[in-house]
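Trainee: Before I ask anything, let me first share the structure, which is written out below as structure tokens.
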Amino acid sequence: METLFLVVRNLKARPVRSLLTLLGILVATASMVLFLSFGEGLRKALSAEMTKFGPQIRVVAEGTGTFGVPNPELGPEVLSTLKAHADELGIARLFPAAVMMKGSGFDPATTFLFYGLPEGITPKDLAPAAKVVAGRLDPHPDGAVVGKQKAEQSRLTLGKTLRLSRKIALPIVGIVDAGSGFANSFIFVPMKTVQEALNTTNYSVILVYVKEGYAADEVAEKIEALIPGVDAQSTTEAVKYAERAIRIGDVIRFGISLIALIVGGLLVANTVMMSVYERIREFGVMRAIGARRGFIFRLVLFEALLLALSGGALGVAAGIAGSQVVNVYTTHAVGLALSAVTPRLVLFSMLVAVTLGMVAGVIPARVASRISVIEALGRV
Amino acid sequence: MKKPILQAKNLTKRYRQGEAWIEALKGFSYDFPPGVTAVVGPSGSGKTTLLNLLAGFDTPTEGEVYLAGNPLHALGEDDRAGVRLLHAGFVFQSWNLLPTLTALENVAFPMLLKGVPAKERTERARALLAEVGLSHREDHFPRQLSGGEQQRVAIARALALDPLVLFADEPTGNLDSAAGSRVLELLVRQAQGERRVVLVTHDPEVAARAERILRLKDGALIEIQERP
């Protein structure tokens with residue numbers, strides 16, 4: 001407590017320098033929080049997505065990426081085989097879908113993902129929480145139901161016409177809020193229309209609901225064993241896969257923010273070192289009066305720690321604010337809040353800031369505590 | 001046998017300067033009696049070296065030095081600091097006070113180091129500042145005080161833990177004569193009971209206030225002058 005009071009006095013005595021150092025750490029910590037918040041946001045968004053997505057397994061042709069758009073390569077025999085073995089595999093229900101992507105695939109506003117659903121199946125079968133915003137829910141017999149996000153992004157309204165190919169066009173008959181970012185960017189249409197546009201009778205994907213008491217992972221394995229050439233992707237598997245990708249991203253983002261952190265740390269070390277050199281006589285007086293080495297060491301180390309801690313706390317606050325700004329943008333652009341500052345991220349950032357202060361403070365503290373009284377006071 | 005309060009035995013300090021060895025202090029022996037003892041001599045005579053050794057700022061090349069019964073020559077730096085804190089007070093020529101602390105906080109600082117509770121510290125610091133006539137300056141920072149006032153705060157601080165020995169190194173060196181004589185008056189007044197006041201100076205008028213004068217020349221004690 002006593003030492004802290006002395007530290008605060010000293011920092012106050014040099015307000016501009018203390019403030020600039022504080023700002024340096026603030027920016028470094030804020031940038032780290034913001035960088036890492038993307039990973040946390042992705043994790044949160046992903047698990048939310050997965051619970052909103054109805055079917056637990058999607059069966060696609062081998063070679064399709066976990067989150068990739070599948071090609072229509074599943075023949076009708078795949079569907080009939082699955083149907084025939086549904087009971088023994090642990091499948092409650094299943095339905096096929098044909099998917100077609102039009103547009104660049106890069107810019108969400110000009111990319112259109114047509115999700116062809118078979119008759120009797122509506123967006124609600126894909127996303128159980130789906131609600132009609134305008135018009136109707138079912139695209140059949142010959143309409144298109146647009147996900148809310150997609151409608152806003154590409155300014156699609158009821159009555160407008162969507163063109164799947166040169167010959168095929170569908171009027172928009174409904175806007176749906178599927179409650180999930182992915183499904184909200186789909187355009188639901190009758191399956192036969194997609195098949196017609198692609199000139200095929202194949203399916204892109206077969207969606208599977210697993211019976212109660214069965215594990216999706218195991219059912220997916222059994223499907224792959226039964227039918228060669230297919231990939232049965234369970235949502236839990238997809239989450240694991242995504243988690244791995246996010247973690248790699250985390251490491252890269254942390255690496256980038258580490259540069260800012262190192263600069264921040266050097267800033268603290270420099271400030272504290274300068275302050276040590278300026279106060280050599282002061283430390284000399286303290287030592288002459290009877291201060292032990294440990295006292296001076298603590299004094300200097302606390303100075304660095306206090307700078308790092310307060311800079312870190314303000315940086316976390318700034319990071320949270322920044323993350324909210326990012327989310328306003330990404331929610332608008334892709335329908336997902338991509339950035340999240342979780343308690344563990346806050347904890348981690350504060351830990352990094354404190355470590356930074358420690359490391360930056362140790363050398364100046366050592367120098368200060370080893371000052372010789374006679375040299376410091378010019379008594380040689 | 002009584003513990004020596006401030007005693008030097010054959011105290012010697014040699015420095016290496018390039019190829020040559022310089023003997024800054026040569027076999028100084030003296031047992032300081034209570035009261036004011038002035039140490040005088042021209043510059044380079046070894047006054048500062050002697051004070052460095054007596055206060056435990058530095059270690060002797062040879063010889064022994066005792067402060068409040070503690071063998072400073074045999075102690076490490078931190079232990080010497082501990083002995084200083086409890087038994088010695090210091091008033092230097094300049095740069096005495098901690099610039100970021102108020103007068104009151106400066107006086108309380110040694111008590112803070114010792115771990116005296118805050119309330120007690122403040123009370124005693126107030127009383128000490130009153131004693132040196134600076135009650136109205138409690139909340140002033142050193143830069144807001146005159147040189148004489150700063151020295152008086154330093155004296156108050158030196159007395160904070162009621163030390164057995166008070167070291168003053170050219171305490172009036174930077175002051176005009178009025179402020180200087182007031183500071184000197186205060187210092188001399190502190191030589192009560194068992195307390196030793198060691199006054200290092202080159203000013204004969206300052207030395208004249210001491211009960212005895214030790215004269216140094218070329219690192220050797222050449223004269224001990226007892227005054228009536």
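Every number in this text was worked out from the coordinates using simple rules, so none of it is lab data. Since this is a predicted model, take the numbers as computed values, not measurements. Glycine also receives a Cβ, built like all others from the backbone with ideal geometry; neighbour counts cover every protein chain displayed.
Trainee: Give me the mean projected area, in nm² to one decimal, of the convex hull enclosing the Cα positions of the stretch B:6-226.
Mentor: About 12.3 nm², averaged over all directions.
Trainee: What does the extension gain come out to for A:Ile259 and A:Lys160, with contour length at 0.36 nm per residue minus their alpha carbon separation?
Mentor: Working it through step by step, the gained length comes to 30.6 nm.
Trainee: Tally Lys and Arg at +1 and Asp and Glu at -1 over the other residues with C-beta under 11 Å from the C-beta of A:Leu207: what net charge comes out?
Mentor: +1
Trainee: If neighbour count is taken as other Cβ atoms inside 10 Å, put B:Asp58, B:Asp203 in order from fewest to most.
Mentor: B:Asp203, B:Asp58
Trainee: Hey, another quick one. For the stretch A:164-243, which GluC sites (Glu not before Pro) pass both filters: DSSP loop (anything but H, G, I, E, B) and at most 16 other C-beta atoms within 10 Å?
Mentor: A:Glu212
Trainee: Counting other Cβ atoms within 10 Å, keep those with at most 11, restrict to DSSP loop, and tell me which trypsin sites (Lys or Arg not before Pro) in the stretch A:122-192 are left.
Mentor: In loop regions of the stretch A:122-192 (DSSP not H, G, I, E or B), the sparsely surrounded trypsin sites (Lys or Arg not before Pro) are A:Arg155, A:Arg166, A:Lys167.
Trainee: For the modelled label position 7 Å from the Cα of B:Asp176 along Cα-to-Cβ, which residues of the stretch B:140-166 have backbone nitrogen atoms closer than 11 Å?
Mentor: Under cut-off, by backbone N: B:147-148.
Trainee: On average, how many beta carbons from a partner chain sit within 10 Å of the beta carbon of a residue in B:74-85?
Mentor: Average per residue, whole number: 4.
Trainee: Using Cα pairs closer than 8 Å and at least 6 residues apart in sequence, work out the relative contact order for chain B, in percent.
Mentor: Relative contact order comes out at 28 percent.
Trainee: Compute the acute angle (0 to 90°) between the alpha-carbon long axis of helix A:2-13 and the principal axis of greatest extent of the alpha-carbon atoms of chain A; round to the nearest 10°.
Mentor: Helix A:2-13 and the main axis of chain A meet at about 90 degrees.
Trainee: Other chains' Cβ within 10 Å of A:280-288 residues: what's the mean?
Mentor: Across the residues of A:280-288, the mean count of other-chain Cβ atoms within 10 Å is 5.
Trainee: Another question, if that's okay. Per DSSP H run of at least 4 residues, take -39500 (n - 2.57); add these up for the protein assembly as shown, divide by its residues and hand me the 222 nm value, nearest 500 deg cm²/dmol.
Mentor: So the calculated ellipticity at 222 nm is -16000 deg cm²/dmol.
Trainee: Another one. What's the magnitude of the charge dipole for the stretch B:6-226 around its Cα centre, counting Lys and Arg as +1 and Asp and Glu as -1 at the beta-carbon? Answer in Debye, nearest 20.
Mentor: Here the stretch B:6-226 has a charge dipole of around 180 debye.
Trainee: For the pair A:Leu20 and A:Ala225, how long in nm is the line joining their label points, each one 7 Å along Cα→Cβ?
Mentor: Placing both labels 7 Å beyond Cα along the Cβ direction yields 6.9 nm.
Trainee: Please check chain B for the longest run free of GluC sites (Glu not before Pro) that are loop-located per DSSP (anything but H, G, I, E, B) and have at most 14 other Cβ atoms within 10 Å.
Mentor: B:20-193
Trainee: Using all alpha carbons of the stretch A:166-310, what is the percent of pairwise distances in each 10 Å bin, ordered from the shortest bin to the longest?
Mentor: Values per bin, smallest distances first: 8, 17, 18, 14, 10, 10, 11, 8, 4, 0.
Trainee: Just to confirm the filter: which GluC sites (Glu not before Pro) across the stretch A:83-183 are DSSP coil and have at most 16 other Cβ within 10 angstrom of their Cβ?
Mentor: Answer in residue order: A:Glu119.
Trainee: Under 28 Å Cα to Cα from A:Lys222, which lysines show up? Leave out anything in the same chain fewer than 8 places away.
Mentor: Cα-Cα hits under 28 Å: A:Lys52, A:Lys83, A:Lys124, A:Lys211, A:Lys240.
Trainee: On to the next question. Relative to the present Cα-Cα distance, how much length would full extension add between A:Thr200 and A:Tyr277 at 0.36 nm per residue of separation?
Mentor: Working it through step by step, the gained length comes to 19.8 nm.
Trainee: Another question about this same structure. From Cα pairs below 8 angstrom and at least 6 apart in sequence, can you work out the relative contact order of chain A, rounded to a whole percent?
Mentor: 29
Trainee: Further question on the same structure: At a threshold of 8 angstrom on Cα-Cα distance, excluding pairs fewer than six apart, so keeping six or more, what relative contact order does the stretch B:26-99 reach in percent?
Mentor: 19
Trainee: Hey, another quick one. When the scattering of the stretch A:63-228 is computed by the Debye formula from its Cα atoms alone, each counted once and equally, what is log10 I(q)/I(0) at q = 0.13, 0.19 Å⁻¹?
Mentor: -0.63, -1.24
Trainee: Most fluctuating residue of B:Gln144, B:Gln192, B:Gln17 in a GNM of chain B with Cα springs under 10 Å: which is it?
Mentor: Its mean-square fluctuation being the largest, the pick is B:Gln17.
Trainee: How many percent of all Cα-Cα pairs in chain A sit more than 25 Å apart?
Mentor: Pairs farther apart than 25 Å: 65 percent.
Trainee: Compute the helix-to-body angle for B:147-158: its Cα long axis versus the longest principal axis of chain B, expressed 0 to 90° and rounded to tens.
Mentor: In chain B, helix B:147-158 runs at an angle near 80 degrees to the longest axis.
Trainee: Per residue of B:107-114, what is the mean number of Cβ atoms on other protein chains within 10 angstrom of that residue's Cβ?
Mentor: Mean shielding by partner chains, rounded to a whole number: 3.
Trainee: Here's a follow-up. Using only Cα atoms, find the angle between the long axis of helix A:76-89 and the longest principal axis of chain A, and express it within 0 to 90 degrees, rounded to the nearest 10.
Mentor: 70
Trainee: How many lysine pairs in chain B, separated by 8 or more positions in sequence or lying on different chains, have Cα atoms less than 15 Å apart?
Mentor: 7
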